[in-house]
Amino acid sequence: MDHEPLTMHEFDCPRCHRATRSEFHGPCDDCRDQLRGAVRAEARDLEAAAYEPKMNVTPNAVATKD
């Protein structure tokens, strides 16, 4: 499968307004690194409470059929 070569575009970074060159419009590499450092969070495990049906819920007739 043939791919076209990447087209680099010249534009001003929308964040710091410095001239940059990239395939896609967006923050420059320096701004992107700053954003990653500021927004990155550590993954953590969350424990959900066990499901307990409400008292007004009645069992399904098929489930209780003997």
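Around Met8, what is the net charge, scoring Lys/Arg as +1 and Asp/Glu as -1 over all other residues with Cβ under 14 Å from its Cβ? Numbers along the way, then the final one.
On the way: positive: Arg21; negative: Glu4, Glu10, Glu23, Asp29.
Result for the neighbourhood of Met8: -3.
Does segment 1-40 come out rounded, prolate or oblate by the C-alpha gyration tensor, with a ≥ b ≥ c the root eigenvalues, rounded set by a/c under 1.5 and, if not, prolate when a/b is larger than b/c and oblate if not?
Working: a/c = 4.21, a/b = 1.64, b/c = 2.57.
In terms of gyration-tensor shape, oblate.
Which of Cys28, Ala38, Pro5 sits farthest toward the positive end of the charge dipole of segment 1-40, with +1 on the Cβ of Lys and Arg and -1 on the Cβ of Asp and Glu?
The residue sitting most towards the positive pole is Ala38.
For segment 30-37, what does the Karplus curve 6.51 cos²θ - 1.76 cosθ + 1.60, with θ = phi - 60°, yield as ³J(HN,Hα) per residue in whole Hz, taken in order and with x for Gly and Pro?
Values per residue, Gly and Pro as x: 5, 5, 4, 5, 5, 5, 4, x Hz.
Just so you know, all these numbers are worked out from the coordinates, no wet-lab data involved. This is a predicted model, so every value here is computed, not measured. Every residue, glycine as well, gets a Cβ built from its backbone with ideal geometry; the counts of neighbours run over all protein chains shown.
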